[in-house]
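A.B. asks: Take this structure, written in C-alpha cells, and hold onto it; I'll ask about it next.
Read-outs throughout are calculated quantities, based only on the coordinates presented, and are distinct from any laboratory measurement. These numbers were taken from a predicted model, which means no experiment stands behind them. Here the Cβ positions follow ideal geometry from the backbone for every residue, glycine too, while neighbour counts run over all protein chains shown.
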Amino acid sequence: MSKILSKTELVSAKDYFAEILLSSRMLNFVNIDVKIVSGNAPSGLCIIDEYNNQNKPRSFTIEINKNQSKLEILNAVAHEMVHVKQYVYGELNEQMSSWLGQKIDCNEVDYFEQPWEVEAYNLEAFLTVMYLSEKNG
C-alpha cells in the first residue's frame, strides 16, 4: 500500500462508511468533508461545522493526520465516521458529556473507556476490512 491515499480514495472510503453507518434518508441531509492535515494533529478528528434549524449537527469536517500508513488512515476515517454517526443520531453531544442520554464526566473516565470511543475503536477495523474487501473484490 502506498503511504498516502488520494483524495478520491478518501472520499470513496468516507462515502462507503457513511452508507453503512447512516440511513439512506439521513445521507441526504448530512455533509461530510475529509481533510488531510500535518503537524502534531491526532490520528483523526471529527468536527461539527453546522447545525440544522432543529439544532442537530448535519455538517462535519473530518481531519486525518497524514503521518500514518494507508491502513491507519482508513482506520482513522472509519473511526471518525463512527463519531459522525454518534453526533447525527444524538448518541453523543458535542461537549462529549452525554452518551445515550447519560451524563459522562470525561475527566473521570479513561479515554479508551469512554463509551463513544469504545464503539468507534470496536467498529473501525471491521469497517476498514469491509471496505478493502469490497474494493479489492
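A.B. asks: Using the Karplus equation 6.51 cos²θ - 1.76 cosθ + 1.60 (θ = phi - 60°), what ³J(HN,Hα) coupling, rounded to whole Hz, does each residue of the range 91-106 give in order, writing x for Gly and Pro?
C.D. replies: 6, 10, 8, 4, 7, 6, 10, 9, 10, 6, x, 9, 6, 10, 9, 4
A.B. asks: Then there's this: Give me Val37, Val82 sorted ascending by neighbouring Cβ count inside 10 Å, so fewest comes first.
C.D. replies: Lowest to highest Cβ neighbour count: Val37, Val82.
A.B. asks: Is it possible to state the helix-based mean residue ellipticity at 222 nm for the chain, with each DSSP H run of 4+ residues giving -39500 (n - 2.57), the sum divided by total residues, to the nearest 500 deg cm²/dmol? What is it?
C.D. replies: That calculation yields -14000 deg cm²/dmol at 222 nm.
A.B. asks: Moving to a separate point now. Would you grab the residues whose amide H sits under 5 Å from the one on Ser98? Only those 5+ places off in sequence or on another chain, please, with H modelled 1.01 Å from N.
C.D. replies: Residues meeting the amide H criterion: Asn93, Ile104.
A.B. asks: So, one more: Specify the angular offset, from 0 to 90 degrees and rounded to the nearest 10, of the alpha carbon long axis of helix 115-135 from the longest principal axis of the alpha carbons in the chain.
C.D. replies: 30 degrees
A.B. asks: Give the percent of DSSP beta bridges with both residues in the chain that are antiparallel, rounded to the nearest 5.
C.D. replies: The answer is about 60 percent antiparallel.
A.B. asks: So what's the angle, to the nearest 10 degrees on a 0 to 90 scale, between helix 7-21 and the longest Cα principal axis of the chain?
C.D. replies: 50 degrees
A.B. asks: What's the longest uninterrupted piece of the chain once you rule out the GluC sites (Glu not before Pro) that are loop residues per DSSP with at most 15 other Cβ within 10 Å?
C.D. replies: Result, exposed sites excluded: 1-93.
A.B. asks: Give me, ordered by chain and number, the residues 5 or more places off Val34 or on other chains with an amide H under 5 Å from its own placed amide H.
C.D. replies: Under 5 Å from the amide H of Val34 lie the amide H atoms of Ile62, each far enough along the sequence or on another chain.
A.B. asks: Lys and Arg at +1, Asp and Glu at -1: add these up for the other residues within a Cβ distance under 9 Å of Ile36 and post the number.
C.D. replies: Around Ile36, the surrounding residues sum to +2.
A.B. asks: Answer with a single label: of (i) 42, 34, 27; (ii) 69, 35, 29; (iii) 48, 33, 24, which was calculated as Cα extents along the principal axes in Å from the structure in view?
C.D. replies: (i)
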